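Colleague: This is the structure, below, for whatever I ask next.
The values are calculated or read from the model by the stated rules, or taken from the named source; none is laboratory data. Worth saying up front: this structure is predicted, and the values here are computed from it rather than measured. Here the Cβ positions follow ideal geometry from the backbone for every residue, glycine too, while neighbour counts run over all protein chains shown.
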Amino acid sequence: MNLFGLIEEIEKVDPEFQDRISPRRDAIKNITSFGSKVAVAALPFAFSTLFKKAYGQTATPTVNDVLNYALKLEYLEAAFYNAGVASTLGFSATEKAYLVTIQGHENAHVAFLKSVLGSAAVAQSTQGTNGIYDFTAQGTFPTVLTNVDTYFAVAQAFEDTGVRAYKGQAGFLAGNQVVLTAALSIHSVEARHASAVRYIRRLRGATTTKPWISGANDTGITAVNGNYAGEDNLIQGGVNITSLTGVSGNFSTAIATQCFDEPLTSAQVVALVGPFGVK
Amino acid sequence: MKTETLIENADVNMARRSFLRYAGAGAAAVGVLAASSCSKFDDYKGNSPAIMNPNAGVDIGAKGDLAILNYAYALEQLEAAFYIQVAATPYTGITTEENALLTDIRDHEVAHREFFKAALGTNAIKGLTPNFSAINFSSRTEVLAAAKAFEDTGVTAYNGAGYLIQNTDYLLLAGKIVSVEARHAAYIRNLIAPGSFADNTALDANGLDKTQTIAQVLAIANTYLTTKVSASNYGYVAS
């Protein structure tokens, strides 16, 4: 099979074909290395997967769609931590250090995604009102930039939601060594952030908050119920985790929900971050 | 199966010495279990008749999703065994808070292990015998350093192997687990040094977690395993 001859033919009909399957022209190399590693007999399968990704149901996003979706969320998070660090909120020195670390990562993620997307990257100025977000989410969190506890509660919701958002996109990037691996590697950093913010909240007195998510919405803030919808799922791959035996009897519902994080669809996430100004 | 039940029921106050003696009994039980499945699954897993020896090495098998899931199963077995011992013999000076959260982590890892065992069914590799003789479980410093290494390695392993998973349902399951490992890693790191939850020993300059290949990860994991794990179809054979 002449893979590249075929791609050229497709490009005559659809000039954006390469963008559909990979974000940058040089990323096409990824296909070469992927192809060289699979048996020739498996190529038709690999190629059909590629086509399914490129031209599948309208609900299937392109790689660029996924990356721009991620970029919009990173823009929001970066701006949120930039605002928090620049604010006069009374963080302790330790808390401030945590925030500065997270701030650095979110801004690095923005830079990384923009560099991968190149000219296809969504501009930050298209978000919010001329690039300015409403961190109160249209009045839901009026004290977000004046009350430390509110600030951390919103931070936790952002991080946990970010983890869920990346997780929900993994399937669209299956087999793509470069892009999937990068997405997974951001995804786990968001989880580190979520753990750290939850730990700070625990130290600040939210004693039922653990670094991991217990059941559906363990924050005690009903305004973020949607951010945790489905986290109380007990069934993984057809196995009910509470039917399994641990060290002392069957796993509790709390443990069963803590040990697996759940995804959110892009539609769910967009609805959740819309009030902050994400477009 | 017997082995896990035995280890899991270990008295929390059991001294380290008796745990080690007890681990030996567990190894014998694994042998019985492995023997019963020898004839049936040898070929699939590429194991030699040496499997009759409970400590003989295992291979994650032919290239494909089952191999990657068995790779994850092997890592979860190792993590579970580690935290079972941590909870059974708490280090000197452990706080109620630390004990509670480390016990949570133990349960998460045991749940991951049991999940993979149930999901893989007859395709699962056998139970592995760990060897933690290099770790002083009474030392907070040593236990947390080992925990950090296990968690960070787990994150690099899942992130590094994700692209090898073809079935998107399995990929999602791996994603559901890796973020929990990352939560553990961050918590352990903050116990060691507040604010080190994602420092540049874990992340690259772009703010991405580092990744490792199957060969790199198994080389590390095998230093804590009596039962060596190989991935001959992914370019790694335990020495």
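Colleague: Which condition from (1) among the β-branched types (Val, Ile, Thr); (2) facing another protein chain (nearest Cβ under 7 Å); (3) under 17 Å from the mean Cα position of the chain (by Cα) is the one that B:Ile135 breaks?
Modeller: Single failed check for B:Ile135: (2).
Colleague: Taking the conditions exactly as written (within 9 Å of chain B (Cβ to nearest Cβ) and at negative phi), does A:Pro211 satisfy them or not?
Modeller: Criteria met by A:Pro211.
Colleague: Does any residue of segment A:120-141 turn out to be in contact with a Ser or Thr (Cβ under 7 Å, 6 or more places away or on another chain) and crowded, with 19+ Cβ neighbours inside 10 Å?
Modeller: Yes, segment A:120-141 contains at least one residue that is in contact with a Ser or Thr (Cβ under 7 Å, 6 or more places away or on another chain) and crowded, with 19+ Cβ neighbours inside 10 Å.
Colleague: Of the numbered conditions (1) within 14 Å of another protein chain (Cβ to nearest Cβ); (2) touching a residue at least 24 places away in the same chain (Cβ under 8 Å); (3) within 26 Å of A:Ala196 (Cβ to Cβ), B:Leu172 fails exactly one; give the number of that condition.
Modeller: The one condition B:Leu172 does not meet is (2).
Colleague: A further question on this structure: Tally the residues that are within 30 Å of A:Ser243 (Cβ to Cβ), among the hydrophobic types (A, V, I, L, M, F, W, C) and touching a residue at least 60 places away in the same chain (Cβ under 8 Å), restricting the search to segment B:109-151.
Modeller: 6
Colleague: Hey, among A:Val116, A:Val122, A:Val63, A:Val100, which residue is more than 19 Å from A:Val163 (Cβ to Cβ), away from chain B (no Cβ under 14 Å) and among the β-branched types (Val, Ile, Thr)?
Modeller: Just a single option satisfies the conditions, and that option is A:Val122.
Colleague: Identify, please: which residue in segment A:157-202 is more than 7 Å from chain B (Cβ to nearest Cβ) and small (Gly, Ala, Ser) and is, among those, farthest from A:Tyr98 (Cα to Cα)?
Modeller: Taking the candidates together, the pick is A:Gly168.
Colleague: From the list A:Thr88, A:Thr150, A:Thr94, pick out the single residue that is within 14 Å of another protein chain (Cβ to nearest Cβ) and of a type in the set (S, T, N, Q).
Modeller: Answer to the selection: A:Thr94.
Colleague: Go through (1) surrounded by fewer than 22 Cβ atoms within 10 Å (Cβ to Cβ); (2) more than 13 Å from every other protein chain (Cβ to nearest Cβ) for B:Ala193 and report which single condition fails.
Modeller: The single condition B:Ala193 does not satisfy is (2).
Colleague: Shifting gears a bit: Taking A:Ala216 as the residue in question, decide whether it is under 23 Å from B:Phe115 (Cβ atoms), surrounded by fewer than 21 Cβ atoms within 10 Å (Cβ to Cβ), touching a helix residue (DSSP H, G or I) at 6+ places or on another chain (Cβ under 8 Å) and at pLDDT below 95.
Modeller: So A:Ala216 fits the description; yes.
Colleague: Is it the case that segment A:157-169 has a residue that's out of contact with any Leu (no Cβ under 7 Å at 6 or more places or on another chain), crowded, with 22+ Cβ neighbours inside 10 Å and not in a helix (DSSP H, G or I)?
Modeller: No, the conditions are met nowhere in segment A:157-169.
Colleague: Please state which one of B:Asp209, B:Asp199, B:Asp204, B:Asp152 is farther than 30 Å from A:Ser214 by Cβ and among the acidic types (Asp, Glu).
Modeller: Within the list B:Asp209, B:Asp199, B:Asp204, B:Asp152, the selection yields B:Asp204.
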